[in-house]
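Below you'll find the structure, written out as structure tokens, and then a few comments.
The values are calculated or read from the model by the stated rules, or taken from the named source; none is laboratory data. This structure is a prediction, so every number in the text was calculated from the model and none was measured. As a convention, Cβ positions derive from the backbone with ideal geometry for all residues, glycine included, and neighbour counts pool all protein chains shown. Areas reflect the complete protein model, heavy atoms only, side chains present, ligands, DNA and RNA absent. Shrake-Rupley method; radii C 1.70, N 1.55, O 1.52, S 1.80 Å.
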Amino acid sequence: MSAGLMHLLLAEKHPSAYLNRLPAAWVVINGVTESIDSVFVRTASGFIEERKNITPICFLKMRWHRIWPRVWNKSPIDIDLIKDRLQYLKGRYEWIIAEGAGGLAVPLNDEGYMQ
């Protein structure tokens, strides 16, 4: 759905971005680890942006959206990094299509941040 929305927005010349905060599936392309969803959205829509700005967090061991990434990686999710990348995109684009992880009210950390 995100790829289709991005394609339509960009085709109509709306400055639009894609953000996948917590991708769960990754692929290595030419030695670079990429979110499968982000690769698909960029390929289908023509969206161009640095990976670090659209997939700021890379948990390679995460297998299921509903399992907290910190369980697999023994590190908390960097909320400030996500906020920083969102602010960057907001400063450059009119529309932002943001993907989530696992549905509504997924806890992102012990401080009460929910998706």
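The table that follows gives values for the structure above.
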| item | result |
| --- | --- |
| Qualifying positions in region 22-35 - open to solvent by 60 Å² or more (accessible area, probe 1.4 Å) and either aliphatic (A, V, I, L, M) or under 20 Å from TYR93 (Cβ atoms) (or both) | VAL28, ILE29, VAL32 |
| ASP84 vs. criteria open to solvent by 60 Å² or more (accessible area, probe 1.4 Å) and at pLDDT below 85 | no |
| Region 48-81: number of residues that are modelled with pLDDT of 60 or more and touching a Pro at 6+ places or on another chain (Cβ under 7 Å) | 4 |
